[in-house]
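The values are calculated or read from the model by the stated rules, or taken from the named source; none is laboratory data. Bear in mind the structure is a predicted one, so any value in this text is a computation, not a measurement. Please note: Cβ atoms are built from the backbone with ideal geometry, for glycine as well, and neighbour counts cover all protein chains shown.
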Amino acid sequence: MNENLVKECEQIMLSEFSEMHGQIKLLHEERTNLFGALRQLEEANLEAGASGIHSSLGRGKYSECSTTASSDDKQEFEDVSEEDEPSFHDTKEYFNEPNIGSGSNLSNNSGSADIKRRTKLPDPAEKEKAVSLWSMIKDNVGKDLTRVCLPVYFNEPISSLQKCFEDLEYSYLLDRAYEHGKSGNGLLRALNVAAFAVSGYASTEGRHCKPFNPLLGETYEADFPEKGIRFFSEKVSHHPTVIASHCEGKGWKFWGDTKLRSKFWGRSIQVEPVGVLTLEFDDGEVFQWSKVTSTIYNIILGKLYCDHHGVMQIRGNRQHSCTLKFKEQSLLERNPHQVNGFVEDVAGKKAATVFGKWDDSLYYVTGDGVSKTKVSDPASNASLLWKRTKPPLNVTRYNLTSFAITLNELTPGLKEMLPPTDSRLRPDQRHLENGEYEKANLEKQRLERRQRMSRQLQESGWRPRWFEKQGENETFKYTGGYWEARGDRSWDDCPDIFGEFREEQLSDSA
Ligand SMILES: CC(C)CCC[C@@H](C)[C@H]1CC[C@H]2[C@@H]3CC=C4C[C@@H](O)CC[C@]4(C)[C@H]3CC[C@]12C
């Protein structure tokens, strides 16, 4: 087949995923079948002189709900929680003055190494609405459903750029890995790197909402001196969606770009992240790996959940490499989320066995593991590498971790430092976080309209501001300068991507 045609098709598929259009198509098919059946039933019913069938579907008959536009707010939403949550919003908690603490070499220019971060999201301004995808779709019968943009209710108040930073929640594992390697223990370095690679999946458990798809050129910075890290990411391509990120820690750098390739399997979606993650220690040891496949189940019916499966090869350039197997959850699985693997040396000898669960903990045993201990029994002589932190006290329907809760916060003094492209300034996401759903929806529609220009922007020679394609496999590498520019707040060349769209913006970049 024609190569270009295949490429083109692939591109279309990818962009479809980013807008979740695929799901809608599937839903469309399902419901077309359903309505077909319904029509037959109704015809049969009419013939029999009965008319009670519609009520069983809750709302109107199929012929009535065909013309409402997606943006129309006449859509019916079901309220689940009747009682009002008691509000214990404490403003002091959010606007604490930062204390000047012992700074790390990475601390920001405001000199506040001891930033007090929030422990919960703002209380929603409006009452939350529970919306099922089905209730969305049933009001759009007869329309081209691929043109329907999902309302903000399906989103979590986190952008994909911020979600990439969630992989660094357990960055202390990399600090440990650095120290172990420095003191000559290459095996423990490799083990901690393996634990880090697994720990990034922990936050995906129980998360059922879609992150915001960033606009082309949108960025996110995370300066976390308390963790000794500084992270930066940018959306570098819209068709297909590619996010590039770069993180600096104590003795290490971690970077990579992620492009998602997706496949639709009836009721589930399989996501294959394409791209290589690189971890480089200051002493020259490098580890590289790719993320495993993730599947999101029960998109249409039942409880939505996410599983990760496949083999992760963490290749090192010195003594040790690691192979991790994420076991696919079977229908009758009593012990889901299992990860097993081993670290081997250059001679191919197994130096340690690792086992655990991606949503809970990871252990290791030195040697090949099998002869010395029962792998499934962590109580034996296995040592703990990583344990997930407890969920926050105030869980919301987004199920964010304590760490994720802090990611979209505008800590004191931060707003003035940010470029106009930072995710924290994205209005619809901010409104959603505040529970202002109506405003959030309006802004989301405006920005989505704007985003449709991105293909044109990209084709007319748009370039990422902070990353550049490098090397034979064309990975995006950070070109530097962001934190320096932040020091002088010189954001003149950063476009106002969340503002009103102006025609010149197309010609500017050409
Ligand atoms: C809107 C409704 C219908 C669907 C919600 C889908 C949610 C659960 C989906 C949408 C996008 C998905 C993410 C897409 C990409 C990745 C990167 C991968 O390495 C780990 C899983 C992870 C992080 C997925 C987790 C599940 C996810 C957040």
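Across the stretch 297-320, a minimum of one residue is classified as away from the ligand (no atom under 14 Å from the Cβ), surrounded by 19 or more Cβ atoms within 10 Å (Cβ to Cβ), over 24 Å from Y478 (Cβ atoms) and touching a residue at least 12 places away in the same chain (Cβ under 8 Å).
Residues that are polar (S, T, N, Q) and under 20 Å from the mean Cα position of the chain (by Cα): which strands (runs of 3 or more DSSP E) entirely in the stretch 263-353 hold 1 or more of them?
268-274, 277-281, 293-297
Among the residues of the stretch 462-473, none qualifies, meaning not one is in the same structural domain as N394 (by TED's automatic domain parsing), small (G, A, S) and out of contact with any strand residue (DSSP E or B) (no Cβ under 9 Å at 6 or more places or on another chain). You will find that of G206, G184, G142, the residue that is at pLDDT below 60 and small (G, A, S) is G142 and no other.
Only residues that are within 15 Å of the ligand (Cβ to nearest atom) and assigned to a strand (DSSP E or B) were counted in the stretch 199-219, giving 3. Taken over the stretch 238-268, the criterion of being touching a residue at least 60 places away in the same chain (Cβ under 8 Å), of a type in the set (G, A, S) and either crowded, with 23+ Cβ neighbours inside 10 Å or within 16 Å of the ligand (Cβ to nearest atom) (or both) is satisfied by A244, S245, G249, G256, S262, G266.
Among the listed residues E226, E234, E205, E179, which satisfies the condition of being crowded, with 23+ Cβ neighbours inside 10 Å and touching a residue at least 60 places away in the same chain (Cβ under 8 Å)? Before you say what the answer is, go through the steps one by one.
Values: E226 fails: crowded, with 23+ Cβ neighbours inside 10 Å; E205 fails: crowded, with 23+ Cβ neighbours inside 10 Å; E179 fails: crowded, with 23+ Cβ neighbours inside 10 Å.
Answer to the selection: E234.
Screening R452, R489 for residues that are closer than 18 Å to T219 by Cα, in the same structural domain as C164 (by TED's automatic domain parsing) and out of contact with any Pro (no Cβ under 8 Å at 6 or more places or on another chain) leaves exactly one candidate, R489.
Scanning the stretch 168-181 turns up one or more residues that are within 14 Å of the ligand (Cβ to nearest atom) and within 30 Å of E484 (Cα to Cα).
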